[in-house]
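The values are calculated or read from the model by the stated rules, or taken from the named source; none is laboratory data. Just so it is clear, the model here is predicted, and its values are computed rather than measured. In this analysis, Cβ positions are derived from the backbone assuming ideal geometry, glycine residues included, and neighbour counts consider all displayed protein chains. Just the protein is used for accessible areas: all its heavy atoms, side chains included, with ligands, DNA and RNA removed. Shrake-Rupley method; radii C 1.70, N 1.55, O 1.52, S 1.80 Å.
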Amino acid sequence: MWTAPLDTDVDGNGTLDAVGLDVDGDGGVDDALADLDGDGIADHAVLDGQSYFTDDGSGTWAVSVDRGGQLRWFGLDGVERLGGPSVDLDGDGQAGDRLIDIDGNGLADRALGDGLAYVDTDGDGTWDLTLTDSDGDGRADSANAV
């Protein structure tokens, strides 16, 4: 963890909201960590001024947001939708499930919910595994096919 003064305006509104640095290791200071919600903590990583990633809630830069774009994802009913990173995957009326795009292709690969996680193991967009944390310790206790 480190602290640095804001020196970059990534959203183009004229206010400094990011720290310019070399996140991807290409030798150029053409990347940034941005605080777009103004809470003092970086919530977006911007690579080469083009690829935007947001913290998926797990502390990783996994969700590609492509300047306002959203993830494609499939509900448990098999219907394709756009949204995220917080959605109502299980249809309970609450948008508390967090989508994660591990490979950056815009299609959700993981979804984290209340004691449940869904995993697309083969990259086809449909959920293949359900992981359950029955004792609430943050680790899966069981895995079942969807």
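Things worth noting here:
- In segment 99-119, of all residues being surrounded by 16 or more Cβ atoms within 10 Å (Cβ to Cβ) and among the acidic types (Asp, Glu), the one that is farthest from Phe53 (Cα to Cα) corresponds to Asp109.
- Residue in segment 44-63 that is in a loop (DSSP other than H, G, I, E, B) and modelled with pLDDT of 75 or more present: yes
- Output for segment 71-98, where each listed residue is aliphatic (A, V, I, L, M), under 22 Å from Tyr52 (Cα atoms), at pLDDT 80 or above and open to solvent by less than 40 Å² (accessible area, probe 1.4 Å): Val87
- Restricting segment 120-146 to residues that are without any contact (Cβ under 8 Å) to a residue 40 or more places away in the chain and closer than 15 Å to Leu71 by Cα, the residue that is surrounded by the most Cβ atoms within 10 Å (Cβ to Cβ): Asp120
- Residue list for segment 100-121, filter: at pLDDT 80 or above and among the β-branched types (Val, Ile, Thr): Val119, Thr121
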